[in-house]
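The values are calculated or read from the model by the stated rules, or taken from the named source; none is laboratory data. What you are looking at is a predicted structure, and each value in this text was computed from that prediction instead of being measured. As a convention, Cβ positions derive from the backbone with ideal geometry for all residues, glycine included, and neighbour counts pool all protein chains shown. Ligands, DNA and RNA are stripped out before the accessible areas are found, and what is left, the full protein with its side chains, is counted by its heavy atoms. Shrake-Rupley method; radii C 1.70, N 1.55, O 1.52, S 1.80 Å.
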Amino acid sequence: MKKLIYLLAIIFAVSFTTTITSCGGDDPTEENGNTGNGGGSENGGSDNGSGTMTPSQQKNKLENTTISFLEEFDAANFEDVVDLATYISEVYSDYDYDAIEEWGATCLESMVDFIDTWTDTEDYGSWGYYYTYNQYNMLFKISSFKGSFVAKSGRWKRTDANYLSFTVKDENGNDCVLKLTTSGKEKKVYVGDEEEWEWIGYDDNDFYEYNIDIYNNYIYIPANINITIERAGNRLAEVVINTDLASMAGEEFDLSRDKYNVSATFKLNDYSVIMDKFKYTPAGDGSEISYTIKHGNKNLLNMTMSSELDVENGEFYGADNNNISINLMDAVQFKGFCSDVNRLITLMDDADECDDESEFKEYVRKMNNLINIGLYYDKKNVKYANVELEAFIYEDYWGEEWYYTPVIVFDEDGTSYSFEEFFNERDFRNLIRTLERLMEDYEYLLEDAV
């Protein structure tokens, strides 16, 4: 898993240039390729129609695009939501919640179904253990949580409803309503067991006596879940989740047989995160996820990932033909491919244990044969740079050590840069300033929030 996370770090570093905040350190001696020095000044990252861009132009392109992306998340755009949340927390935290607590306890009790009880003993002569087991089914059903709660005169009051809602007043006396509704067919899904142990004391034989409650947990997943927050009739936020488990034959998910498909949308003011699909199909088709982040009608980020999963006897044991595609502001695109994740991780492990130069470089060569990671611009089908792994040697008083690290190789002239060299603080200073300013704005926005 550590190796896979490392590989994903390579992927996102290319797209978002976040490694600029970790520049510095000792300069290692490179054993394979050229480092380059970044070239001279260029004109803002345009290829002028030539289909080529220098490394310096690409730096400008990446920085300007990422700055534009960050500026879409101006802290002032969330001020109304934070102010409302702060007001509600301050005003309603001291209200009497007895009606909510009693209702919640009643709902949970109705979901517990007693199955069986039995005892067991461990006898060690003069002492031992005496166990009493109680087994239950815990049937968690979202659609069972219903009722309309209104905060008024220092307390919460409940009335019957076929949905769940909570209503408060804002500082201007407008109704603010949080509402949960479900619809469509429900699917019962087993999600695991849990045990609760309670020490009772000693029995008449001086045995340690325990009471053990075993819960078999199930969730009834509705086809559609909708959560909204409205203020004076205007929608501030919405969550919509649509789940298709129609092909699931039993109560436990079987990777070799069952498929699923989930889509979801989260909206806050005029921002939205849209997960078009999150699906799994057996028989080699594997998994796929696709989502988009938007501000108004502007696409800020699109990402798709797919993988052919290796499944045997219902168990996952590998992934082939892994693809990822990221589109940032329609200006920077990243496309990555790994033909065999398990093989890549094995090679990484072997390389970590190797201290022979030729063998280590051979491991790195084989890793690069499994991956194809490219950087594109303006939605053109022209690759401007590759991300590869490269062998380096670190030398100090105690000796030398071989290691591999991602480098950016530019198609124009074949020069390569380590991430620390390319994403340096000097060339990306405007991006760093923008990020620091944005963080300060959010810190100021949230400093009085609860």
Honestly region 176-280 on the Cα gyration tensor test (a ≥ b ≥ c root eigenvalues; a/c under 1.5 rounded, otherwise a/b vs b/c for prolate or oblate) is just oblate
extent check for the chain: Cα max minus min per principal axis, descending, whole Å, gives 79, 71, 47
Taking F114, F360, F337 and ranking on accessible area (1.4 Å, protein atoms only), highest first, one gets F114, F337, F360
Tilt, helix 98-110 to longest principal axis of the chain (alpha-carbon atoms), in degrees rounded to tens, equals 90
Ranking M329, M348, M439 from most to least accessible area with a 1.4 Å probe gives M439, M329, M348
For K294, counting only lysines whose alpha-carbon sits under 17 Å away and dropping same-chain residues fewer than eight positions off, the answer is K267, K277
Taking the alpha-carbon centre of each part, the distance from region 393-413 to region 116-132 in Å is 61
Per residue, accessible area of the chain with a 1.4 Å probe, heavy atoms of protein chains only, in Å², comes to 55
Two pseudo-spin positions, 7 Å from Cα along C-beta at T117 and at E401, lie apart in nanometres by 5.9
Taking the square root of 5λ for each eigenvalue of the C-alpha gyration tensor of region 327-413, the equivalent ellipsoid has semi-axes, largest first and in whole angstrom, of 30, 15, 10
For R343 the rounded accessible area (nearest 10 Å², probe 1.4 Å, non-protein molecules ignored) is 100
Taking 369-376, 242-249 and ranking on average Cβ neighbours within 10 Å, highest first, one gets 369-376, 242-249
Nearest-0.05 FRET efficiency for E195 and S126 at R0 = 22 Å, using Cβ-Cβ distance, is 0.20
Helix 2-16: inclination vs the chain longest Cα principal axis, degrees, rounded to 10, gives 70
Taking only Cα atoms of region 170-209, the Rg to Rh ratio with Kirkwood Rh works out at 1.44
Magnitude of the Cβ-charge dipole (Lys and Arg +1, Asp and Glu -1) of the chain about the Cα centre, nearest 20 debye, reported as 3080
Honestly region 285-429 on the Cα gyration tensor test (a ≥ b ≥ c root eigenvalues; a/c under 1.5 rounded, otherwise a/b vs b/c for prolate or oblate) is just oblate
A 1.4 Å probe over the protein heavy atoms gives the chain a carbon and sulfur accessible-area percentage of 47
Order by accessible surface, 1.4 Å probe, largest leading, for residues D204, D352, D160 comes to D204, D160, D352
Where a ≥ b ≥ c are root eigenvalues of the Cα gyration tensor, a/c under 1.5 meaning rounded, otherwise prolate if a/b exceeds b/c and oblate otherwise, region 110-187 counts as prolate
With -39,500 (n - 2.57) per DSSP H segment of 4 or more residues and division by the full residue count of the chain, the 222 nm estimate, nearest 500 deg cm²/dmol, is -7500 deg cm²/dmol
Measuring from the longest principal axis of the C-alpha atoms of the chain, the long axis of helix 357-370 (C-alpha) lies at a number of degrees, nearest 10, equal to 70
Output ordering of 271-278, 413-420 (per-residue mean of other Cβ within 10 Å, highest first) is 413-420, 271-278
